[in-house]
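Colleague: What follows is a structure written as structure tokens; I'll ask about it next.
The values are calculated or read from the model by the stated rules, or taken from the named source; none is laboratory data. Worth saying up front: this structure is predicted, and the values here are computed from it rather than measured. So basically every Cβ, Gly included, is an ideal-geometry build from the backbone, and we count neighbours across all protein chains shown.
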Amino acid sequence: MVRGRAESEVISLAAEIASSAEEDLAALVDVSTPSGDVAAAERAISLCLERLPPGMRIERPPCSTAGGAPDLDARLEGRGSARLLLLGHLDTVHDHGAHRPLEAAGERLYGSGTVDMKGGCVLALGLARVLARQPERFAELAVLLVTDEEWRTGELGHVARFAGYDACLCFEGGELSDDGEEAVVVRRKAAATLRVLARGEASHSGSAPHRGANALLALARATIAIAARGDPSGPEQLTIVPTVVRAGDAFNVVPAAGELLFDMRARSLEAFEPVLAAVPGELDGVTLRAEFGRRWPGMDSEEATRPVLARASELLGRPLRAAARGGASDASHFAPLIPLTVDGLGPRGGGAHTPGEFVLRSSLRARAEVALAVALSALEVAAGGL
């Protein structure tokens, strides 16, 4: 196959990124980084600092979640006209007891946080090193790695820091399209956590159950009623999934209190408001109080990124597809400010948030090619070169 000059550049530079990716991934995954552990996050950030290109200006802005380790904001000035942000997170859902260091098993590289999203952070750092040698391509290159993505309930505090940036690339796990082509994420659902608190009346469950107000039964009824409001095939594609219920302290006492959590996803944040409003204030003498935990916006950059993906396909020499995903991501926070936002640029794998989490070894190179092609095309489009 005869390759064009631009395509050959992408292939060769991506091979350079991939050449150290597995070693870098092992170093990063071997550090257990559950959300909220400051010392662990600092160890991971130290590894990332070693892998950034030289000359970057380093800042450690406060974490968006109180008590978290400061985040990492690294920037490098160039001679071009477009500003590019590479975005990732270093925390995982796995606690120290469940942590699994990197372990190779054929094509799979198992380990905690491999696909969500230390594999993506490794590719982002490699991409930064390659781009840093070509300062004529960008006005400013930034790498933002946060330490609280998996447990943050409030707003992401860094969005305003990147006002005026032209493109944002986020490195959550990659995927293939239905027809087997490499894909990136340009649409994400909004996400919200609905919390329902129940307050009833305790009594002996054997001698006087009629004198109690059973918080568990009230939550059970509420679970069914609220979940039934989901409409996955409707215009908002609303899903309402009960995920946690807690009630009672003893086997022989009518539960006086309880808590119920739902994970909700939809095309827009507005779709969640009627669900909150529909929670009854009282059931069978049990008082119910509903509130939102976290609320993350949706993302739809499909139209804005169309020319970027078209040009990236040319640079790759193969199609690159636009995809949608239901999971939440920090990319959704940046998309309203930076229309050229593309996510899902990390390696492909599976088992995120489970003990069997993995990335595919061969995808480290394939997705390095994708990330590099998207970055170069985004800089071209932002600079008005297309």
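Colleague: Can you name every residue in the stretch 150-170 that is of a type in the set (A, V, I, L, M) and in a strand (DSSP E or B)?
Modeller: Quick first cut of the stretch 150-170, residues of a type in the set (A, V, I, L, M) only: 156, 159-160, 163, 167, 169.
Hits for the stretch 150-170 are Ala167, Leu169.
Colleague: List the pairs whose first member sits in the stretch 30-49 and is surrounded by fewer than 19 Cβ atoms within 10 Å (Cβ to Cβ), whose second member is not aliphatic (A, V, I, L, M), and whose Cβ atoms are under 6 Å apart, counting only residues at least 6 apart or on separate chains?
Modeller: So the pair list comes out as Asp30/Pro101.
Colleague: Can you tell me how many residues within the stretch 246-269 are among the polar types (S, T, N, Q) and at pLDDT below 95?
Modeller: Residues meeting the conditions: 1.
Colleague: Quick check on this structure: which one of Gly317, Gly344, Gly351 is on the phi > 0 side of the Ramachandran plot, in the same structural domain as Arg108 (by TED's automatic domain parsing) and touching a Cys at 6+ places or on another chain (Cβ under 8 Å)?
Modeller: Just one listed residue meets the conditions, Gly344.
Colleague: Tally time: how many residues in the stretch 4-33 are modelled with pLDDT of 95 or more and not in a helix (DSSP H, G or I)?
Modeller: Total meeting the criteria: 5.
Colleague: Under 8 Å by Cβ, and 6 or more places apart or on different chains, what pairs join a residue from the stretch 290-313 that is in contact (Cβ under 8 Å) with a residue 60 or more places away in the chain with one that is assigned to a helix (DSSP H, G or I) and surrounded by fewer than 18 Cβ atoms within 10 Å (Cβ to Cβ)?
Modeller: Correct list of pairs: Ala290/Leu276; Glu291/Leu276; Phe292/Leu276; Arg295/Leu269; Pro297/Leu269; Gly298/Leu269.
Colleague: From the list Leu109, Leu156, Leu141, exactly one residue is more than 27 Å from Thr354 (Cβ to Cβ) and either of a type in the set (D, E, K, R) or in the same structural domain as Leu360 (by TED's automatic domain parsing) (or both). Which is it?
Modeller: Working: Leu109 fails: more than 27 Å from Thr354 (Cβ to Cβ); Leu156 fails: more than 27 Å from Thr354 (Cβ to Cβ).
Checking each option against the conditions leaves just Leu141.
Colleague: Go through Val275, Val245, Val253 for me and flag whichever is out of contact with any Leu (no Cβ under 8 Å at 6 or more places or on another chain) and of a type outside the set (Lys, Arg).
Modeller: Selected residue: Val253, the only one of Val275, Val245, Val253 that is out of contact with any Leu (no Cβ under 8 Å at 6 or more places or on another chain) and of a type outside the set (Lys, Arg).
Colleague: Considering only residues that are in a loop (DSSP other than H, G, I, E, B) and of a type in the set (D, E, K, R), look in the stretch 174-206 and name the one that is nearest to Val275 (Cα to Cα).
Modeller: Lys189
Colleague: Determine whether the stretch 283-295 contains at least one residue that is closer than 30 Å to Asp30 by Cβ and of a type outside the set (Phe, Trp, Tyr). Full working, then the answer.
Modeller: At the first step, the residues of the stretch 283-295 found to be closer than 30 Å to Asp30 by Cβ are 294.
Still in the running and of a type outside the set (Phe, Trp, Tyr): 294.
Yes, some residue in the stretch 283-295 is closer than 30 Å to Asp30 by Cβ and of a type outside the set (Phe, Trp, Tyr).
Colleague: Still on this structure: Here is a list: Glu172, Glu182, Glu107, Glu103. Which entry is touching a strand residue (DSSP E or B) at 6+ places or on another chain (Cβ under 7 Å) and free of Cβ contacts under 8 Å to residues at least 24 places away in the same chain? First the steps, then the outcome.
Modeller: Working: Glu172 fails: free of Cβ contacts under 8 Å to residues at least 24 places away in the same chain; Glu182 fails: free of Cβ contacts under 8 Å to residues at least 24 places away in the same chain; Glu107 fails: free of Cβ contacts under 8 Å to residues at least 24 places away in the same chain.
Step by step, each of Glu172, Glu182, Glu107, Glu103 is checked, and only Glu103 is touching a strand residue (DSSP E or B) at 6+ places or on another chain (Cβ under 7 Å) and free of Cβ contacts under 8 Å to residues at least 24 places away in the same chain.
Colleague: For the stretch 280-318, which residues satisfy the criterion of being assigned to a loop (DSSP other than H, G, I, E, B), within 18 Å of Arg187 (Cβ to Cβ) and of a type outside the set (A, V, I, L, M, F, W, C)?
Modeller: Matches in the stretch 280-318: Pro297, Gly298, Ser301, Glu302, Glu303, Thr305.
Colleague: In the stretch 207-232, what residues are more than 22 Å from Leu276 (Cβ to Cβ) and outside any helix (DSSP H, G or I)?
Modeller: Passing the criteria: Ser207, Ala208, Gly212, Ala213, Asn214.
Colleague: How many residues are among the hydroxyl-bearing types (Ser, Thr, Tyr) and under 30 Å from His210 (Cα atoms) when one looks only at the stretch 259-305?
Modeller: 1
Colleague: Then there's this: Taking the options Thr243, Thr287, Thr193, Thr239, name whichever one is at pLDDT 95 or above and touching a Pro at 6+ places or on another chain (Cβ under 6 Å).
Modeller: Residue meeting the stated conditions: Thr239.
Yes/no per residue for (1) among the basic types (Lys, Arg); (2) over 30 Å from Ala167 (Cα atoms); (3) surrounded by 13 or more Cβ atoms within 10 Å (Cβ to Cβ); (4) in contact with a helix residue (DSSP H, G or I) (Cβ under 9 Å, 6 or more places away or on another chain):
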position	(1), (2), (3), (4)
Gly180	no, no, no, no
Ala190	no, no, yes, yes
Ala198	no, yes, yes, yes
Gly206	no, yes, no, no
Thr223	no, yes, yes, no
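Colleague: Provide a single number: the residues in the stretch 337-386 that are in contact (Cβ under 8 Å) with a residue 40 or more places away in the chain, assigned to a loop (DSSP other than H, G, I, E, B) and of a type in the set (S, T, N, Q).
Modeller: Number satisfying all stated conditions: 1.
Colleague: Right, something else. Would you be able to tell me the number of residues in the stretch 240-262 that are touching a residue at least 40 places away in the same chain (Cβ under 8 Å) and surrounded by 17 or more Cβ atoms within 10 Å (Cβ to Cβ)?
Modeller: The total comes to 9.
Colleague: Those residues that are over 20 Å from Val93 (Cα atoms) and among the hydroxyl-bearing types (Ser, Thr, Tyr), I need them from the stretch 324-351; list them, please.
Modeller: Selection gives Thr341 alone.
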